[in-house]
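A quick write-up on the structure given underneath.
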Amino acid sequence: MVKRRFRRFFDRLGPGLISGAADDDPSGISTYSVAGASFGYATLWTALFSFPLMTAVPLMCAPLGMVTA
């Protein structure tokens with residue numbers, strides 16, 4: 001029972017984890033470069049808040065896309 005829960009959790013987390021980690025579009029790369037050159041590691045703490053949000057959106061949208069496709 002517990003093993004099934006973990007399996008289901010990580011099955012759902014997979015697409016969100018990949019989408020959150022690959023949130024690099026061409027305009028973003030230049031923005032990230034400028035921000036990194038300007039601020040260094042001073043704003044790295046914001047990743048703690050942005051990563052859960054970047055994973056939550058695909059986790060909510062994926063089932064909707066599977067149903068309506």
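Of all residues in region 50-69, those satisfying the criterion of being over 11 Å from the mean Cα position of the chain (by Cα) and free of Cβ contacts under 8 Å to residues at least 24 places away in the same chain are Met60, Cys61, Pro63, Leu64, Gly65, Met66, Val67, Thr68, Ala69.
For Ala22, the criteria (1) under 9 Å from the mean Cα position of the chain (by Cα); (2) surrounded by fewer than 10 Cβ atoms within 10 Å (Cβ to Cβ); (3) modelled with pLDDT of 80 or more hold in every case but one, which is (3).
Only one entry of Leu53, Leu59, Leu44 meets the criterion of being out of contact with any strand residue (DSSP E or B) (no Cβ under 8 Å at 6 or more places or on another chain), surrounded by fewer than 10 Cβ atoms within 10 Å (Cβ to Cβ) and modelled with pLDDT of 80 or more, and that entry is Leu53.
The values are calculated or read from the model by the stated rules, or taken from the named source; none is laboratory data. Treat the numbers as computed from the prediction; the structure is a model and nothing was measured. Here the Cβ is made from the backbone with ideal geometry for all residues, glycine too, and neighbour counts use every protein chain on show.
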